[in-house]
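Peer 1: Here you go, one structure.
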Amino acid sequence: MYLAQDPTLADFGRDPWWLVLGKIVFAFAFGLLATLLGVWFERRVVGYMQVRPGPNQVGPFGLLQTLADGLKMAFKEDILPRAADKVVYFFAPTISVICAVTALSVVPFGPMVSIAGHWTPLQVTDVPVAVLVLLACSSMGIYGIVLGGWASGSTYPLLGGLRSSAQMISYEVAMGLSIVAVFMTAGTMSTSGIVAAQAKGTELSIGGFDLPAPGWYAILLLPSFIIFFISTVGETNRAPFDLPEAESELVAGFMTEYSSLKFALFMLSEYVSMVTMSAVTTTLFLGGWRAPAPITTFWAGANSGWWPMLWFFAKVVALVFVFVWLRGTLPRLRYDQFMRFGWKVLLPINLVWILVLSGLRSIEDWDAQGKGIAVGIPAGILLIATLFWPTRKPEPKPTLQEQANNRPYGSFPLPPMDLQVPPSPRTRRVVAEREPANIAAGSDGEV
Amino acid sequence: MTTQTVLAAAGGVSGGEQVTFWILAPLALIGAIGMVAARNAVHSALWLVLTMLCLGVFYVLQAGPFIGMVQIIVYTGAIMMLFLFVLMLVGRDASDSLIETLRGQRTAAVVLGLGFAGLVGGGLYRALGDTTAVGLEQANAEGNVQGIARLLFTKYVFAFELTSALLITAAVGAMVLAHVERRKEDKMDQIATMRSRFAPGNYPGPKPGPGVFATSSSVATPARLPDGRLTERSTPEILPVREMTDRETSLKGTDK
């Protein structure tokens, strides 16, 4: 039974209709439940970090607080601004939600399991370009925010929408580039294939030694993982990158004019996309539904049956915790800092890393001497360049007199350098008039 | 490989493919027509997004999943988003004027457009109507993505690199044209700023606010200087200076 756990592309598309429907409903319900629990989780965790209880009244541990808030939101008045573009205003939140939920359809929740006699993968569907489907969903999800901002017909939402479009385009470039490294290593774009590719550690041979490398791409492709996670934070509009809804500058950004269920839909899409992005990060970099390393060594069955869903959810919750942690810790970036970070830091690092990685992969089959030359020459050049890089010598600081002499004509007059300010006569008078304090006589008479 | 891909590779058209086509083809057409007909530029862009999405699905249907997804990510996700970005900066009420400058222009355009579409469609149908598709299976033998990659990086590598060089040149050129870099000499330090501020001919104080000592409180009405002259500097440059007529400034007779 432990054989053939990994679904291949051929395993998809042969389920009966009720099974497909069941999987879709499951993925959808997962998104909604994750939102309900995610809001609660975030408020509790942020509350803990800020040394306050957080929601704890409705239900056990305040678990039903989000549900109550959601119900309350549904009964609020739905305001349509007079200047709004009615059709676009109506559709914008739905676009956001649809795109956020659709992305869940290509996320593998687990291996092949048997459901009512059908041997089927725990994943709605998979295509040869599944990761591109994810990218497409996230890039279409921007439309909801941008159109919502535009259609509201007022200034703050418009600014929020503009920011969000610029932000998401910038960070999607960094995100796409960091996935390139995963494609190169896994050799496939299907999500189930990428999970399968992280199953076993590869053997790295460095200087004749065979070192077992871990299978997770988070370790193997660490720069890609870090950049990918940072750009997912940017892509989901979460703090510290929540500039489209920066409440200190833009009220609530693109959703300022929204109320009632439409506002709830925007909130839903934000949390669903946070969970989706965590699930995607888990799939691409953290081994997907596979059990973390020490578990499999003493429990062979950890990766079979329904158990993998547990590992998957645990990883997703851990990543969501990181999202919340970031929000509780980091202040919001300024807009220009944010853009500079995306284009001038993440992007160049990513490009250099891809270049290095493809170089390493192309010399994989060479003999030891060739490898040594291929790695040694660029490393030597880099070393020499860093050693002999012309350092900008700080100019010797001019003395005070030089600074004073160098001042241009017409500057304010300076007092003389050796000016001795005489003590104020009032001070002298105050000291003279002060009554001696009555101090009890100590062992030595002088205090 | 999905069933549809296999079917398409075999040259057949499955029922699902037909249904999808007949649902999405009208939508794509409606999007194209709506894009031309919409008065609001943002609505126009949205109709175009609809057409592009339908095209993406068509590519996927015709055994080209990679190009379909790239169509959606690049064209719909990035390029149309940049369009929207610019359109929003222009302003949400910027609508096309519908005044015909040339008489009968619209009718002529519709007739000619329909005729051209008919000619192209008819020609294509006559030429390709009973052609059977071959070679899809060989092209997608190792998978669609791998097939495209093999062609791009072997046979068409030169064209591919040239295209990317062209695009980079265009991007750098646009940046060079748009980027205004102030020369070092042009940067004024604090002392130079002060000098120019107190130089003869420049009024060192803050500008008079619009409407101050003026005959009206409109921002378009210039302020008066202490000597009674009007100052142009108090009004925004894009606003025309408007002096009130005698009739407007005279008493309306409402205050007894």
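Here, each number is a calculation from the coordinates, and none is a lab measurement. All figures in this text were calculated on a predicted structure; none of them were measured in a lab. Because the Cβ atoms are built from the backbone with ideal geometry, glycine has one as well, and the counts that use them run over all protein chains shown.
Peer 1: Measure off 7 Å from each Cα along the Cα-to-Cβ vector at residue B:131 and residue B:185, then give the distance between these two points in nanometres to one decimal.
Peer 2: Calculated label separation equals 6.4 nm.
Peer 1: May I pose another question? Please report the net charge: other residues with Cβ closer than 11 Å to the Cβ of residue A:121, K and R +1, D and E -1. Don't skip to the end; give the middle numbers.
Peer 2: Details: positive: A:14, A:23; negative: A:6, A:11, A:15, A:126.
That works out to -2.
Peer 1: Pairs A:397/B:187; A:76/A:315; A:315/A:371; A:200/B:155; A:23/A:315: which exceed 29 Å Cα-Cα?
Peer 2: Working: A:397/B:187 23 Å; A:76/A:315 36 Å; A:315/A:371 37 Å; A:200/B:155 35 Å; A:23/A:315 21 Å.
Distance filter (> 29 Å) returns A:76/A:315; A:315/A:371; A:200/B:155.
Peer 1: Under 5 Å between amide hydrogens, which residues at least 5 positions from residue A:115 or on another chain qualify, with H placed 1.01 Å from N in the peptide plane?
Peer 2: Amide H to amide H, under 5 Å and 5 or more residues apart or across chains, residue A:115 pairs with A:120.
Peer 1: Suppose every Lys and Arg Cβ carries +1 and every Asp and Glu Cβ carries -1, with no other charges. What dipole size does the protein assembly as shown come out with about its Cα centre, to the nearest 20 debye?
Peer 2: Details: 51 positive and 49 negative charges, 310 e Å.
Value, rounded to 20: 1500 debye.
Peer 1: Can you pull the mean other chain C-beta count within 10 Å for peptide B:69-79? Mind dumping the intermediate values first?
Peer 2: On the way: counts 11, 4, 1, 7, 11, 4, 0, 4, 12, 8, 1.
Mean inter-chain Cβ contacts per residue within 10 Å come to 6.
Peer 1: First select every other residue whose beta carbon is under 15 angstrom from the beta carbon of residue A:57; then total the charges, Lys and Arg +1, Asp and Glu -1.
Peer 2: On the way: positive: A:43, A:44, A:52, A:72; negative: A:69.
With Lys, Arg at +1 and Asp, Glu at -1, the neighbours total +3.
Peer 1: So how do B:188, B:175, A:309 line up by other beta-carbon neighbours within 10 Å, fewest first? Intermediate results must be reported in sequence, preceding the final value.
Peer 2: Details: B:188 12, B:175 9, A:309 15.
Neighbour counts put them in this order, fewest first: B:175, B:188, A:309.
Peer 1: For chain A, what does the helix formula give at 222 nm: sum of -39500 (n - 2.57) over DSSP H segments with n ≥ 4, over the residue count, nearest 500 deg cm²/dmol? Before the final figure, lay out the partial values.
Peer 2: Values: 17 runs with 256 residues, N = 447.
Calculated from helices alone, the mean residue ellipticity at 222 nm is -19000 deg cm²/dmol.
Peer 1: Put +1 on the Cβ of each Lys and Arg and -1 on the Cβ of each Asp and Glu in chain A; which of A:116, A:322, A:167 then has its Cα farthest toward the positive end of the dipole?
Peer 2: Among A:116, A:322, A:167, the one farthest towards the positive end of the dipole of chain A is A:167.
Peer 1: Taking neighbour Cβ counts within 10 Å as the exposure measure, how do B:193, A:282 sort from fewest upward? Walk me through the intermediate numbers first.
Peer 2: Numbers: B:193 10, A:282 25.
Ranking B:193, A:282 by Cβ neighbours within 10 Å, fewest first, gives B:193, A:282.
Peer 1: Helix A:17-49 against the longest principal axis of chain A: what's the angle in degrees, Cα atoms only, rounded to the nearest 10?
Peer 2: Once rounded, the angle reads 20 degrees.
Peer 1: Turning to a different aspect of this structure: Could you work out how far apart the two model spin labels at residue A:321 and residue A:17 are, taking each label as a point 7 Å from the Cα in the direction of the beta carbon, and quote it in nm?
Peer 2: It works out to 4.4 nm between the two label points.
Peer 1: Please give the helix A:347-362 orientation as an angle from the longest Cα principal axis of chain A, in degrees from 0 to 90, rounded to the nearest 10.
Peer 2: Orientation of helix A:347-362: about 50 degrees from the principal axis.
Peer 1: As a footprinting exposure proxy, order A:143, B:75 by other Cβ within 10 Å, with the fewest listed first. It would help to have the intermediate numbers written out before the result.
Peer 2: Working: A:143 25, B:75 17.
With the fewest neighbours first, A:143, B:75 line up as B:75, A:143.
Peer 1: A follow-up question, please. At residue B:178 and residue A:119, where each label point lies 7 Å from the Cα along Cα→Cβ, what is the point-to-point distance in nanometres?
Peer 2: 5.6 nm
Peer 1: Would you work out if region A:1-115 is rounded, prolate or oblate? Take a ≥ b ≥ c from the square roots of the eigenvalues of the alpha-carbon gyration tensor; rounded if a/c is under 1.5, else prolate when a/b is larger than b/c, oblate otherwise. Write down the numbers at each step before the final one.
Peer 2: Details: a/c = 2.79, a/b = 1.40, b/c = 2.00.
It is oblate, given that a/c is not under 1.5 and a/b is not larger than b/c.
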